[in-house]
Amino acid sequence: MENVKPLTHARIPIVKFYDPETRMECDLSFYNKVSVRNTELFRAYTRADPRVAPLIFAVKRWARARRLTEPWYNGGTVNSYTHVLMLLSFLIQEKVVPPLQQICCSKHPHAAKRRHRSATGIPSPSTKGDLHATPGKIHQNKKLHQAWLDTPTSTRVDGKNALDEHDINNSSASSSKRNGHTASCVACGKRLPEIMTEEYNTYFYQRHLAASSNTKTVGELLVEFFRYYAFDFAYLKDYVAPRVGGVLSRASNGWEDSPDSKMRGPDGQPSALCVQDPFILERNCAITAKRWVVAGMRWEHERALRALISGRGLAGATDPWTPWNALVYHDLHVYKSLERTSLS
């Protein structure tokens, strides 16, 4: 056991350490049965489709290399658990896996197809089939990419909800109780079972599933994951809801209306990123991230996307983050760029 780091002030105190024998970064916590169900839920998703596990590994490797998993440090980012929730929500939207908490049978629900649209009318740069794009292909899309870069994020990002009003009204996320609410299976309509753990409904489907209709490769899905959170997701309008499988409008739950809302940051302002816990529905897993940090996270998704489609591959996307000299920031006008592409 190496690099032992106790985090006693976290919402759930944990001990982080590195195991040299398995070469794995580990988190250890006590007296939290819901966390055990979280781990079992992730395992169920990895068993649902063989592409899920390598995608989780790739996203966690990228986030750790780029120092995006340090909620306790400086301005705060988010933990790796939150990155995985964002990935699973995306995979459910793409019909790679069904929302396991919303089904009781092996059928794949016919979820609404996610649409890509921009408030500016500028389409997001296409990446399908460009895993090994040549510099020539990148150059052909230069004007389109530049149009996105020159457009403030607040107007550029306008992703559409994967769920319609019927889904919202019948999902557990819209329940007045929020915890322990039993909805109907989105595939067959039968009433979902309940498994109560510390007052929370932690049910999810764990049996055999029919094959997914999505046949994209791991590489294609990774590219589209980075593109989605770089250009399509509406950070200030929507929240990631992995329990129901997609994104929902923040206004649908009234989280922004209450001054003591848990969807607000420590400064009382609306959180720049909302990722709902799959079991503790009133919890925003991204509450630690400040607005300027989320703007940086959005840029890191774009950076990883560009690395993948330019042919640099996962190695280029996971280049370790190193701080720049202050003079470099000044010369590149980075601060002005961040202000221009602010999420506010």
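The values are calculated or read from the model by the stated rules, or taken from the named source; none is laboratory data. Being a predicted model, the structure only gives us computed values, none of them experimental. Here Cβ is always computed from backbone atoms with ideal geometry, including for glycine, and neighbour counts include all displayed protein chains.
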* Answer residue from the range 290-299, given it is within 13 Å of the chain's Cα centre (by Cα) and not β-branched (V, I, T) and is nearest to D232 (Cα to Cα) among those -> R298
* Structure fact -> Of the residues in the range 27-86 that are small (G, A, S) and in a helix (DSSP H, G or I), the one that is surrounded by the most Cβ atoms within 10 Å (Cβ to Cβ) is A63
* Scan (1) of a type in the set (V, I, T); (2) outside any helix (DSSP H, G or I); (3) in contact (Cβ under 8 Å) with a residue 24 or more places away in the chain for the single condition T22 breaks and write down its number. => (3)
* Out of all the residues in the range 169-185, is one or more at pLDDT 90 or above and at negative phi? -> yes
* Assess whether Y45 counts as being at pLDDT 90 or above and more than 14 Å from the chain's Cα centre (by Cα). => yes
* To do: Look at V240 and say whether it is of a type in the set (A, V, I, L, M, F, W, C), modelled with pLDDT under 95 and not in a helix (DSSP H, G or I).
  => no
* Asked: Quick check: is even one residue across the range 256-264 part of a strand (DSSP E or B) and modelled with pLDDT of 95 or more?
  -> no
* Hits in the range 1-40 - residues which are at pLDDT 85 or above and either closer than 26 Å to Y203 by Cβ or assigned by TED's automatic domain parsing to the domain that holds F279 (or both) -> K33, V34, S35, V36, R37, N38, T39, E40
* To do: Determine if the range 58-70 includes at least one residue that is under 25 Å from Y205 (Cβ atoms) and of a type in the set (D, E, K, R).
  => yes
* Evaluate the range 268-280: report whether one residue or more is modelled with pLDDT under 85, at negative phi and over 15 Å from the mean Cα position of the chain (by Cα). => yes
